[in-house]
Every structure is written in structure tokens, then in C-alpha cells.
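Only one structure is covered here, and it is reproduced in the block below.
The values are calculated or read from the model by the stated rules, or taken from the named source; none is laboratory data. All of these numbers come straight from a predicted model, not from anything done at the bench. Here the Cβ is made from the backbone with ideal geometry for all residues, glycine too, and neighbour counts use every protein chain on show. The area values use the complete protein model at the heavy-atom level, side chains included, leaving out ligands, DNA and RNA. Shrake-Rupley method; radii C 1.70, N 1.55, O 1.52, S 1.80 Å.
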Amino acid sequence: MKKIKIILLAITITFTFTACGTGEPPEVIPPAAADETESITATSELTVWGMTCVRCENKIKNVLLKIDGVIDVFADASEDKVTIIHDPELDIDIINSIITGEGLNIP
């Protein structure tokens, strides 16, 4: 019976030290300030006339994704919209000229 009590005591002590950790509080990493996260990317939504199908959507996506600074592109032919997530430093006129160069119109 004495052996069981010693074993239980040893298990309890071991569990207490491993479950409680080192006793130091965990490192708290503060969330990024709103100003920092907003400046990482910019979103531009353009009205683009001339897209008629999924093939047109994919074509404009593939062309724009090749531009340095473009992160993602969402094209919707039914809404005549192209949404571009990009580096805020990217000149939107470059995107406009590429879209018009593909035979599409920006009003």
C-alpha cells in the first residue's frame, strides 16, 4: 500500500510540473497596428467591358498576375468587374493599359 502511495505521489508531482510548465507567462505578441496591415496591400476594382465568358476572365487574370506587385485577381464577366489585390506602390495606369491592350475597354 505504501508503494502505491509513493507511486501516486510521484505521478502527481510529475504531472504538476509538466502540466504547469516553467511558471513563466507565455510571450505575448501584440497584434499589428491597423496602419501597418492596411499599407501592405491595396485593392482596386475596375469596370471592364468586353469580357464575355470564363475564358476572358482567365485570360485577364493570367495577364495581370504576371505584373510585379499584383497579388491576386478576381474577374467577373457577368458583372463587368475586375478586382485586383496589389502592392500599393503599383501604378494603376499600368494595369489599365494592359487591360486595354488585351482588347477590353475601361470606361
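Mind checking the full-extension length gain between Asp91 and Ile106? Use 0.36 nm per residue of separation minus the Cα-Cα distance, one decimal, nm.
Details: separation 15, 0.36 × 15 = 5.40 nm, distance 1.57 nm.
Computed gain between Asp91 and Ile106 is 3.8 nm.
Ordering Glu89, Glu57 by accessible area with a probe of 1.4 Å, largest first, what comes out?
Details: Glu89 160, Glu57 30 Å².
Result of the area sort, largest leading: Glu89, Glu57.
Work out the charge dipole of segment 49-107 with +1 on the Cβ of Lys and Arg and -1 on the Cβ of Asp and Glu about the Cα centre, then indicate which of Ile106, Val82, Met51 is farthest towards its positive end. The one lying farthest along the dipole's positive direction is Met51. Charged neighbours of Val63, selected by a Cβ distance under 14 Å, balance to 0 (K, R count +1; D, E count -1). Within the shell defined by Cβ-Cβ distances under 13 Å, the residues around Asp80 carry a net charge of -3, with Lys and Arg each +1 and Asp and Glu each -1.
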